[in-house]
Amino acid sequence: MSAPPSGDTARPGQGPDPAFTPALFAIYDLAVTPVTFDVMNFFVFANMWAMRTGAAGYNAVFVAGPEGRFRDLTPKDKSLDPAEKIWRLRHILAAHGHIARRCLGVSTYDRREDFAQMLRAIHPSQLFPPGYTLADPRIPFMLADLFRQKPTPQELDAFAPDVAASRKAQAWLDRHAPRGRPVSLTLRGSTIETRRNANAPEWLAAADAIRARGFDPVILPDTDLVTDGLDLGAFGDIPCYPMGAIDLELRAALYSRCLINLADNGGPAFINYFMGQSSAVCFLPVEKLPEAVTLHGRGLDRMAELLAVAPGESFPGATPARRFVWKPDTRDNILEAFEAAAAHLAAQQ
């Protein structure tokens, strides 16, 4: 990925009418990209590109692969049928556009031929990624691509919940987090690669201990668990927020109002790393690596490479309240991470 245009290179906002600043068209080509929460990396990249080019914002465009197909490359790709991928496109991928800063709109093209006509009307300087073509759709969604550009904290602050979602999340917390000290626990409970799921008994034991310390633990369950109706009664007397598993805006709103956000296995909880001051303490699957990692035979080194960090480290600017935890998700490890985050936040007050 080249650097943003500079100097005499054509760029939005430098046309014949200085009062008009065009927006970018950020293309997410489903022929070569996943239908997972990794899409958030693409939105962060588009946000950064819009800021650096002086664009008015960007329009997110999702384009189907040839003959309407999706990518079929990784074990995760192959485990999802076309209907499930369409559902994810609507409820996960496109939903990011509604809480993404500087995203002006979201559109989808089921037929590649229709988008080809639209593409001819877009000036090359308004395309992201630059140089995009249907024949060579290279889409930046890997963290290594993002951090190679050395984004600033402001550029990484790419998502924010809307006002209505924030009100709804706060109303729920007023009832279920009565001490006003909410701590979210995002737990993987997927029907795909089940061995990667959170160690639920350990997390619930940690939740009890967190509550005993004067905080209000709340569970944000896996989407699969909620859509299968298995979240009901699954967490004992620890409050569960199933709406956040279905509605990304409500998820982001809940995260933004929690003092500490603890998570297992990444995925949707990673959005906290791209929400300003939101807490993000994520346990990595060090003892239950994804198939996409084990296929390469490099274990933790490969996972670190995909996260664009060195083994044992975190994203740039890490604090005890915003970091990765390279330990198994046991009660003691969870509490240790929680207490470090709580002490750090208390020291900031």
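The values are calculated or read from the model by the stated rules, or taken from the named source; none is laboratory data. Note that this is a predicted model, so its numbers are computed, not measured. For neighbour counting, all protein chains shown are included, and Cβ atoms are generated from backbone atoms with ideal geometry for every residue, glycine included. When the accessible area is computed, the model is the full protein with side chains, heavy atoms only, and any ligands, DNA or RNA have been set aside. Shrake-Rupley method; radii C 1.70, N 1.55, O 1.52, S 1.80 Å.
Kindly work out what percent of the DSSP beta bridges joining two residues of the chain are antiparallel, to the nearest 5. Antiparallel bridges: around 5 percent, rounded to the nearest 5. Toward the positive end of the charge dipole of the stretch 178-301, about the Cα centre and with charges on Cβ (Lys, Arg +1; Asp, Glu -1), which of THR227, MET275, GLY299 goes farthest? About the Cα centre, the residue reaching furthest to the positive side is MET275. Every helix of 4 or more DSSP H residues in the chain counts as -39500 (n - 2.57), and over all residues that averages to -10000 deg cm²/dmol at 222 nm.
Phi angles of the stretch 210-217 translate, via the Karplus equation with coefficients 6.51, -1.76, 1.60 and θ = phi - 60°, into HN-Hα couplings of 5, 5, 5, 8, x, 9, 10, x Hz per residue; Gly and Pro are given as x. How many lysine pairs does the chain hold where the Cα atoms are under 26 Å apart and the two sit 8 or more places apart or on different chains? Final tally of qualifying lysine pairs is 6.
Under a 5 Å amide H cut-off, with hydrogens placed 1.01 Å from N, ARG322 pairs with ALA280 among residues at least 5 apart or on other chains.
Between (1) 1.24; (2) 2.14; (3) 1.01, which entry matches Cα Rg over 2.2 N^0.38 Å as derived from the coordinates of this structure? Structure-derived value, by its label: (3). Taking θ as phi - 60° and the Karplus parameters 6.51, -1.76 and 1.60, the scalar couplings of the stretch 182-194 work out to x, 10, 8, 10, 8, 10, 6, x, 7, 7, 9, 6, 4 Hz in sequence order, x denoting glycine and proline. For the stretch 45-186, which whole percent of the accessible surface, found with a 1.4 angstrom probe, sits on carbon and sulfur atoms? Summing carbon and sulfur atoms, their accessible area is 52 percent of the total for the stretch 45-186.
Accessible area per residue was computed with a 1.4 Å probe on protein heavy atoms; ARG257 scores about 90 Å². Accessible surface for the chain, divided over its residues, is 45 Å² per residue with a 1.4 Å probe. Distant-in-sequence amide contacts of VAL218, defined by a placed amide H-H separation under 5 Å and a gap of 5 or more residues or a different chain, comprise VAL183, SER184, LEU185.
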